[in-house]
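First up is the structure itself, then whatever we jot down about it.
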């Protein structure tokens, strides 16, 4: 599999110092699923009674691990749990072999971690259509279980990477009268990223006490405004999985607390942005804000039409404030729009208004904005109250270099 050279220019300077979340521990191993010389399997062991919520890809060609996780999600148990992830092979479009591989891995993980098979959640990411060499994973499971460490989350973030150029982590804390609640998360994602659930692999852990239904509701609600609002290349993966595990180890009940909800959303949004910042070949991070649409759904349709346009994305890469391509993307979206009410801004520069170039438009100022790494395009539709914000990156030749020989 081709690897990217160097780290994305949009990457943070370093992996964050994530606090330990009681009730979860991590272990990784170089199993040789596909990669050589690097860890490619991650195990997260979870304390008894952990609540697990999640959302998954809506792809019609969902991978076997996704189907298995969907079947198990929502089961409340006093037992412990485990999450097992491999990179390099997606175990997708592998027929009966894929289902058998999941069953075998789940059974072996359950035995190694002393938890029920119904409490084992697996994920796979990588090449589609190749049988998963699951024996390379199961042979390491007891060692993984025995060596799990609460502080090994960075290693876990690195083990789940494929074409990612940097590990992705985020955290937040909630101060309560009873003490501090912690939230930490890791993600992988770089290509095949488009909003149709979570668009990558994401694992978030908190020591909060919270009921299953409320946790699931929060995850679904915040997902709609975070992971479902990013796109790198308009392609939705077969393997997208977002799991949030609440161990309850803090003993602090966060039911109904808006500060916990806000903190969880903040972690999810930061991880979503990090995925875009590691978009394959990316050199620009772009926020697209649409307002004045008929409703929020139409606003998002317009925003994604702009974000997914190869012509817009290549103009961004070329630092060209080509607002005509934005007009084109709005017009083709299928959502309601009125040409003569449209307005467009690049950064703080008003480019167009009332369906025509703004009389005060300063091309040099717009071009200067385009030279930055963090860009913003705002579009006013002018017909209603709808608004939405999405995030994307530019499209460079680096994306072609990575994906033209992905399997070689």
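Out of 43, 18, 75, I need the residue that is modelled with pLDDT of 95 or more and either in the same structural domain as residue 124 (by TED's automatic domain parsing) or on the phi > 0 side of the Ramachandran plot (or both). Which one?
Exactly one residue qualifies, and that residue is 43.
So which of 74, 95 is free of Cβ contacts under 8 Å to residues at least 12 places away in the same chain and surrounded by fewer than 24 Cβ atoms within 10 Å (Cβ to Cβ)?
95
Of the conditions (1) outside any strand (DSSP E or B); (2) at negative phi, residue 387 fails just one. Which one is it?
Tallying (1) outside any strand (DSSP E or B); (2) at negative phi, residue 387 fails exactly one: (1).
Can you find even one residue in region 128-143 that is at pLDDT below 95 and closer than 18 Å to residue 244 by Cβ?
Within region 128-143, not a single residue is at pLDDT below 95 and closer than 18 Å to residue 244 by Cβ.
Determine whether residue 360 is at positive phi and part of a loop (DSSP other than H, G, I, E, B).
no
Could you list, in sequence order, all residues of region 130-170 that are over 22 Å from the mean Cα position of the chain (by Cα), buried (at least 22 other Cβ atoms within 10 Å of the Cβ) and in a helix (DSSP H, G or I)?
Within region 130-170, 137, 141, 144 qualify.
Give the residue that is surrounded by the fewest Cβ atoms within 10 Å (Cβ to Cβ), with candidates limited to residues of region 190-204 that are within 25 Å of residue 247 (Cα to Cα) and modelled with pLDDT of 60 or more.
204
Check off (1) touching a helix residue (DSSP H, G or I) at 6+ places or on another chain (Cβ under 9 Å); (2) surrounded by fewer than 22 Cβ atoms within 10 Å (Cβ to Cβ) for residue 65 and give me the number that stays unchecked.
So the condition that residue 65 fails would be (2).
Test of understanding: among 82, 108, which residue is part of a strand (DSSP E or B), in contact with a helix residue (DSSP H, G or I) (Cβ under 9 Å, 6 or more places away or on another chain), at pLDDT 95 or above and in the same structural domain as residue 150 (by TED's automatic domain parsing)?
Criteria check complete, one pass: 82.
Out of curiosity, is residue 92 under 24 Å from the mean Cα position of the chain (by Cα), assigned by TED's automatic domain parsing to the domain that holds residue 51 and at pLDDT below 95?
In short, yes.
Scan 221, 241, 236 and give me the residue that is modelled with pLDDT under 95 and out of contact with any strand residue (DSSP E or B) (no Cβ under 9 Å at 6 or more places or on another chain).
236
When you go through (1) modelled with pLDDT under 95; (2) closer than 30 Å to residue 394 by Cα one by one for residue 12, which number turns out not to apply?
The single condition residue 12 does not satisfy is (1).
The values are calculated or read from the model by the stated rules, or taken from the named source; none is laboratory data. Given the structure is predicted, the values throughout are model-derived calculations rather than measurements. Because the Cβ atoms are built from the backbone with ideal geometry, glycine has one as well, and the counts that use them run over all protein chains shown.
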